[in-house]
Amino acid sequence: MKRFRESEHGMAAVEVALLLPALAMILFLLVEGANTLHDYSTISEASRSAARQVVLSGDTSTAKSTVESLVTELPADALNTKVTLEDAGTAVTVEVSYAYQSFFSSTTEADAPLSTLYTLTARTTMPIP
């Protein structure tokens, strides 16, 4: 019996070594997913506020500055704001797109591989009274 017990030394280390990559991947996906949702929520709220500002002021040129003032934690060069008047001026659509950058990316160079994984887009349409 003593010999069997001695042969189990190191089994915990082997089990940890086998599970650690899977746990690290799950942690990576959770952090990256949370960051993506946070960034989308930020541009979605900016799109809503910009559309509301255009409806209240009647001036489409205020949308871009409204988005930039609300989205301070994202790089401004990765944001794109587009304002469209639809249906002969009865509705306004504000579209904010963001070239998403990974939470774990170590470089911010535009030509780096995987510098932009995908583009998040938030679109809000509001009727003009």
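For the reader, a short list of remarks on this structure follows.
- First in region 77-106 and closer than 26 Å to residue 29 by Cα and free of Cβ contacts under 8 Å to residues at least 60 places away in the same chain, second anywhere and small (Gly, Ala, Ser) and assigned to a strand (DSSP E or B), Cβ under 6 Å, 6 or more apart: 78/99; 96/122
- One residue from 6, 15, 73 being surrounded by 10 or more Cβ atoms within 10 Å (Cβ to Cβ) and either modelled with pLDDT under 90 or not small (Gly, Ala, Ser) (or both): 15
- Every residue from region 17-72 that is without any contact (Cβ under 8 Å) to a residue 24 or more places away in the chain and either touching a Cys at 6+ places or on another chain (Cβ under 6 Å) or of a type in the set (D, E, K, R) (or both): 59, 64, 68
- In region 107-129, the residues that are assigned to a strand (DSSP E or B) reach residues that are modelled with pLDDT of 85 or more and of a type in the set (D, E, K, R) with C-beta atoms within less than 7 angstrom, at least six apart or across chains, in these pairs: 120/39; 121/95; 123/95; 124/48; 126/52.
- Boolean, residue 40 is among the hydroxyl-bearing types (Ser, Thr, Tyr) and part of a helix (DSSP H, G or I): yes
- Residues of region 43-62 classified as acidic (Asp, Glu) and either under 15 Å from residue 127 (Cβ atoms) or not in a helix (DSSP H, G or I) (or both), total: 1
- The conditions of being surrounded by 16 or more Cβ atoms within 10 Å (Cβ to Cβ) and either over 23 Å from residue 129 (Cβ atoms) or under 14 Å from the mean Cα position of the chain (by Cα) (or both) are met by residue 101.
- Matching residues in region 43-77 - criterion: being on the phi > 0 side of the Ramachandran plot and of a type in the set (A, V, I, L, M, F, W, C): none
- Region 76-98 - residue that is among the aliphatic types (A, V, I, L, M) and out of contact with any strand residue (DSSP E or B) (no Cβ under 9 Å at 6 or more places or on another chain) and, of those, surrounded by the fewest Cβ atoms within 10 Å (Cβ to Cβ): 88
- Residue within region 109-126 that is more than 17 Å from residue 33 (Cα to Cα), modelled with pLDDT of 80 or more and more than 18 Å from the chain's Cα centre (by Cα) present: yes
- Some residue of region 18-27 being surrounded by 11 or more Cβ atoms within 10 Å (Cβ to Cβ) and not β-branched (Val, Ile, Thr): no
- One residue stands out among those in region 76-106 that are within 20 Å of residue 124 (Cα to Cα) and part of a helix (DSSP H, G or I): the one that is modelled with the lowest pLDDT, which is 76.
The values are calculated or read from the model by the stated rules, or taken from the named source; none is laboratory data. On a predicted model such as this, the values are computed, not experimentally measured, just so you know. Positions of Cβ are generated from backbone atoms using ideal geometry, with glycine treated the same way; all protein chains shown enter the neighbour counts.
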